[in-house]
Amino acid sequence: MTSSSPRRVLLAAPRGYCAGVDRAVIAVEKALEQYGAPIYVRHEIVHNKYVVQTLEKKGAIFVEQTAEVPEGSIVMFSAHGVAPTVHAEAAERKLATIDATCPLVTKVHKEAVRYAKDDYDILLIGHEGHEEVIGTSGEAPDHITLVDGPEDVANVTVRDESKVVWLSQTTLSVDETMETVDALKSKFPNLLSPPSDDICYATQNRQIAVKKLAEDAELVIVVGSKNSSNSIRMVEVALDAGAPAAHLVDFASEIDEAWLEGVGTVGLTSGASVPDVLVDGVLEWLAERGYADVETVKTADESITFSLPKELRRDLRAEAAALGSR
């Protein structure tokens with residue numbers, strides 16, 4: 001790294017927690033305060049290693065399957081949403097449930113149910129195995145076909161080309177999704193679009209911000225976990241927008257000092273499930289290496305908030321005990 005080059009950090013705004021993630025994390029904390037530990041959570045509440053570890057220390061227990069939750073306990077469903085079969089499993093095990101599904105994901109679920117009721121073939125754009133895709137597909141498994149990128153389009157078949165609609169996973173790259181949509185429209189000219197964009201406002205805003213960083217930064221650092229779809233997409237968006245280099249890290253300790261070689265401007269942002277404390281750690285790490293000049297690059301204002309799950313207004317411990325005694 002040349003000592004003569006001016007060093008600065010371009011800090012993206014907005015970045016970090018979206019309204020759905022904030023709601024889900026607070027829901028776990030409130031449940032622990034209100035009902036006491038343990039609170040079981042099916043899958044990671046959000047895809048962030050630090051957040052999960054912090055909540056575990058407070059008494060949350062993360063499980064992969066509903067069958068792992070003892071009967072008569074409280075279980076919370078993650079922000080990514082679950083299929084109706086999971087709700088049925090919880091009822092069979094006499095579990096009190098808290099649904100922390102992001103309202104924007106719930107919107108996609110409702111769209112899937114509505115179009116299936118009208119007997120549409122639903123082409124769900126998303127990544128195979130992602131929890132959100134599994135949950136949405138479970139709403140109408142006989143009507144939904146997963147389309148995992150434009151390269152998948154050639155293999156897609158439908159029953160009636162006049163009754164086909166696309167939906168999408170909320171955390172995808174806007175550009176990648178529209179490329180897939182364009183390919184689908186070429187194959188199915190009557191393809192119907194959902195009444196509003198499925199990709200959430202926060203995903204779009206963070207991708208717009210990282211594109212702006214890529215205009216001037218020689219290196220873009222995205223703080224986020226390796227299993228976070230929206231964080232991974234931000235690295236891809238930065239590279240596609242012209243950034244010479246972009247990397248995903250959970251913590252400042254994962255940054256390789258070799259990445260800074262010859263770099264005057266570092267762009268810094270974070271995924272929608274990342275608390276600011278992790279970004280602050282990266283800023284401190286960069287400042288110690290001469291990047292103390294921080295300039296905020298603001299591309300949007302975010303004021304959306306979501307109310308907490310309604311279940312937190314009830315006595316779920318009593319409900320769980322009553323269910324267990326039946």
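Annotations
- Glu254-Glu302 FRET efficiency (beta carbon distance; Förster radius 30 Å; 0.05 resolution): 0.65
- Sites Ala322 and Val277, calculated FRET efficiency, Cβ-Cβ separation with R0 56 Å, nearest 0.05: 0.90
- Sequence-separation-based contact order of the chain, relative, with Cα cut under 8 Å and 6+ spacing, percent: 27 percent
- Centre-to-centre, using Cα atoms only, the range 146-195 and the range 36-106 are separated by 31 Å.
- Exceeding the 23 Å Cα-Cα cut-off - candidates Lys30/Lys310; Lys30/Lys298; Lys211/Lys298: Lys30/Lys298
- Global geometry of the range 184-248, whether rounded, prolate or oblate, following the gyration tensor of its Cα atoms and the 1.5 cut on a/c: prolate
- Packing here is the average count of other Cβ atoms within 10 Å per residue, and on that basis the peptides 159-171, 40-52, 188-200, highest first, run 40-52, 159-171, 188-200.
- Gain in span if fully extended, Lys163 to Asp293, counting 0.36 nm per residue against the direct Cα distance: 41.3 nm
- The range 40-97: C-alpha gyration tensor shape, a/c 1.5 cut-off, then a/b vs b/c: oblate
- Around the Cα centre of the chain, unit charges on the Cβ atoms of Lys, Arg, Asp and Glu (plus for the first two, minus for the last two) sum to a dipole of about 1040 debye.
- Listed peptides 84-96, 57-69, 20-32 by packing density, highest first (mean Cβ within 10 Å): 20-32, 84-96, 57-69
- All alpha carbon pair distances within the range 140-230 were sorted into 10 Å bins beginning at 0; the resulting P(r) in whole percents reads 14, 41, 28, 14, 3.
- Whole-angstrom Cα spans of the range 71-153 along principal axes, big to small: 45, 25, 20
- From phi via Karplus (6.51, -1.76, 1.60), per-residue ³J(HN,Hα) for the range 264-271 in Hz, x at Gly/Pro: x, 10, 10, x, 10, 8, 8, x
- Each principal axis of the Cα cloud of the range 167-326 was taken in turn, and the coordinate range along them, longest first, works out to 67, 49, 27 Å.
- Inter-site label distance for Val63 and Leu192 at 7 Å from Cα along Cβ, in nm: 3.9 nm
- Antiparallel DSSP beta bridges within the chain, as percent of all bridges there, nearest 5: 0 percent
- Expected-Rg normalisation [2.2 N^0.38 Å, Cα atoms] applied to the range 282-326: 2.51
- Anisotropy class of the chain from Cα gyration tensor, a/c 1.5 cut: oblate
- Positive dipole terminus of the range 222-326, leading residue within Ala245, Val266, Ala318 (C-beta point charges): Ala318
- Isotropic mean projected area of the C-alpha convex hull, the range 1-120 (nm²): 11.9 nm²
Just so you know, all these numbers are worked out from the coordinates, no wet-lab data involved. In this text, all values refer to a predicted model and were calculated from it rather than measured experimentally. Because the Cβ atoms are built from the backbone with ideal geometry, glycine has one as well, and the counts that use them run over all protein chains shown.
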